[in-house]
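Take a look at the structure below.
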Amino acid sequence: MKTLIIGALAALCSLSATAQKGYTIKGQIGKLGKPAKAFLLTNREGKQVLDSVPLVNGSFTFKGHVDAPMEATLRLKHDDAVEIPGKRIKIDGLSLILDNEDITITGKDSLKTAVMKGSTQTEESRRVDDLLRPLYDKMQALNKEYQDMPEAKKQDKAAIMDLEKRAQEVEKEIVDAKINYVKKNPDNFMSLMALNSTLAPGFDAVEMEKVYLTINPKLRDSYFGKEVGLRIATFKKTQEGVEAQDFAQPDVDGKMVKLSDYRGKYVLVDFWASWCAPCRRENPNLVKVYEQYKSKGFEILGVSLDKAADKAKWIKAIADDKLTWKQVGDLKGWENEAAARYEVKAIPMNFLIDPSGKIIAKELRGQALEAKIKEIFDGRTK
């Protein structure tokens, strides 16, 4: 226990000492001089910051300070040619993870082929890449296997399903390897990078939050650390298995309707709008499923993202599409408060909620919706 405490204190002291010192990047690219220029691009709390210095006899220097490690890009412009929009230009540059360290970059005639020393985080990034490369090679081999398939075999469902199954297994290996790295390196900035790269659509926010909380609090408190935490927390709100957030909005007649009014039933909360073509195309399928299962306890609650100026169009769309279930909306368009609460960024979007008030599925459309509702009601009675 004493060893663990000393180790943790040492890590915190190391982070603190690094933060107090600034960074220096010294480059030497051959004997390049005017008009050659070096550029350093960083992202400071969501804002891109561009610094530049001229090369003098191949030499350039950047100095500054970062509150926490961050991704950065170095670029070298060899001449004073004016960049023409739409015209491809040759880019000479390299990426690094910038920390408060003394970094040297030496090259004969370009940044791309230059040797970088002193960037601990960049070296760690490369180490992680080497760690994952065998798994990425396995995925690449599967991609090549598909590309090399005869066209007839590409139409073979069994063969494609087998390939997809193996690809999913490799994807899981990659995620597991990254999470294992995070757990073993909680004081390393690369742990944030690795964790963030696992947050693909459909990720398990509850489990990833547990992993996130193992990372050094100082790193979690950095701008990037907070972004990763917010991404997890945001997705967690609407993850399958969590309790659906209640909301209340007026229906077309101004009567307030609460989501909690539907407690005890399966309800599909459907976010849509009269102007949304994909939503309107999906409505016939909703009508079909609703008519088939409403007598068994299935409900739909439509939430409109129409604006006040389009209320008449909203009401007309309800009638035209024969939507007989309850419709609500605060008529604030994309600022709809229920949509904001459920992190709705595109429509159509829906959430299926069970009688206990928990989200059990989302983004159900077409046959997927019909199959899920059939499974719930027809499967239950057998």
- Query: Using modelled backbone amide H atoms (1.01 Å from N, in-plane), which distant-in-sequence or interchain residues come within less than 5 Å of Glu240's amide H?
  - Reply: none
- Message: Show me, bin by bin at 20 Å from 0, the whole-percent P(r) of the chain based on Cα pairs.
- Response: 21, 39, 33, 6, 0
- With every protein chain left in place, what is the accessible area of Thr106 in Å² (1.4 Å probe, nearest 10)? 80
- Any aspartates and glutamates whose Cα falls less than 17 Å from that of Lys47, other than same-chain ones fewer than 8 residues away, would be Asp67, Glu71, Glu227
- Message: Longer than 32 Å from Cα to Cα, which of Lys237/Lys307; Lys144/Lys358; Lys226/Lys288; Lys157/Lys322; Lys210/Lys372; Lys77/Lys172 are they? Say none if no pair is.
- Response: Lys144/Lys358; Lys226/Lys288; Lys157/Lys322; Lys77/Lys172
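Could you compute Rg(Cα) / (2.2 N^0.38 Å) for the range 281-382, with N its residue count?
On the way: Rg = 14.3 Å, N = 102, 2.2 N^0.38 = 12.8 Å.
For the range 281-382, the normalised Cα radius of gyration comes out at 1.12.
Suppose only helical runs count, i.e. DSSP H with n ≥ 4. What mean residue ellipticity at 222 nm does that imply for the chain under -39500 (n - 2.57) per run, divided by all residues and rounded to the nearest 500 deg cm²/dmol? If you can, show how the numbers build up before the last one.
Values: 12 runs with 161 residues, N = 382.
Computed mean residue ellipticity for the chain: -13500 deg cm²/dmol.
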- For the chain, what % of the accessible area comes from carbon and sulfur atoms, probe 1.4 Å? 54
- Message: How much of the pair distance distribution for the range 222-276 lies past 19 Å, counting alpha-carbon pairs only, in percent?
- Response: 51
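Among 319-328, 71-80, what's the highest-first ranking by average C-beta atoms within 10 angstrom per residue?
71-80, 319-328
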- Message: Could you report the accessible area of Ser197 in Å², rounded to 10, computed with a 1.4 Å probe on the protein chains as they sit in the structure?
- Response: 60
- Message: Considering just Cα atoms, how many Å³ per residue does the convex hull of the range 108-267 enclose?
- Response: 255
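How much accessible area per residue does the range 68-157 have, counting only protein heavy atoms and a probe of 1.4 Å, in square angstrom? All intermediate terms of the calculation are to be shown ahead of the outcome.
Working: 6100 Å² over 90 residues.
Solvent-accessible surface per residue comes out at 68 Å².
Using mean Cβ contacts within 10 Å as the protection proxy, how do 47-55, 26-34 order, highest first? Let's see the in-between values first.
Details: 47-55: 12.9, 26-34: 17.2.
The most tightly packed comes first, giving 26-34, 47-55.
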- Message: Per residue of the range 37-51, what does 6.51 cos²θ - 1.76 cosθ + 1.60 with θ = phi - 60° give for ³J(HN,Hα)? Whole Hz please, x for Gly and Pro, Karplus curve as stated.
- Response: 9, 10, 10, 10, 10, 10, 10, 9, 6, x, 10, 6, 10, 10, 10
- Could you list which residues have their amide H under 5 Å from that of Val257, counting only those 5 or more apart in sequence or on another chain, with H placed in the peptide plane? Gln249, Asp251
- Note on the structure: Output ordering of 93-100, 111-118 (per-residue mean of other Cβ within 10 Å, highest first) is 93-100, 111-118
- Along the charge dipole of the chain, which of Ala38, Thr122, Val49 sits closest to the positive end, that is, farthest toward it, with unit charges on the beta carbon of Lys, Arg, Asp and Glu (+1, +1, -1, -1)? Ala38
- Between helix 223-237 and the chain: long-axis angle, C-alpha atoms, 0 to 90°, nearest 10: 20
- In degrees, nearest 10, range 0 to 90: what is the angle between the Cα axis of helix 366-380 and the longest Cα principal axis of the chain? 60
- Residues of type aspartates and glutamates that Lys362 reaches as a straight line, Cα spacing below 17 Å, ignoring anything fewer than 8 places off in the same chain: Asp204, Glu240, Glu243, Asp246, Asp270, Glu282, Glu299, Glu343, Asp354, Glu370, Glu375
- Query: If the cut-off is 17 Å between C-alpha atoms, which aspartates and glutamates fall inside it for Lys90, apart from same-chain ones fewer than 8 positions away?
  - Reply: Asp79, Asp80, Asp109
- Task: Quick one: which residues, 5+ away or cross-chain, put their amide H under 5 Å from the amide H of Val328? H built at 1.01 Å from N.
- Result: Gly302, Val303, Ser304
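The values are calculated or read from the model by the stated rules, or taken from the named source; none is laboratory data. Every value quoted in this text rests on a predicted model; they were computed, and no experiment measured them. Neighbour counts are summed over all protein chains in view; Cβ atoms, including those assigned to glycine, are modelled from backbone coordinates with ideal geometry. Please note that ligands, DNA and RNA were not included when accessible areas were found on the heavy atoms of the full protein model with its side chains. Shrake-Rupley method; radii C 1.70, N 1.55, O 1.52, S 1.80 Å.
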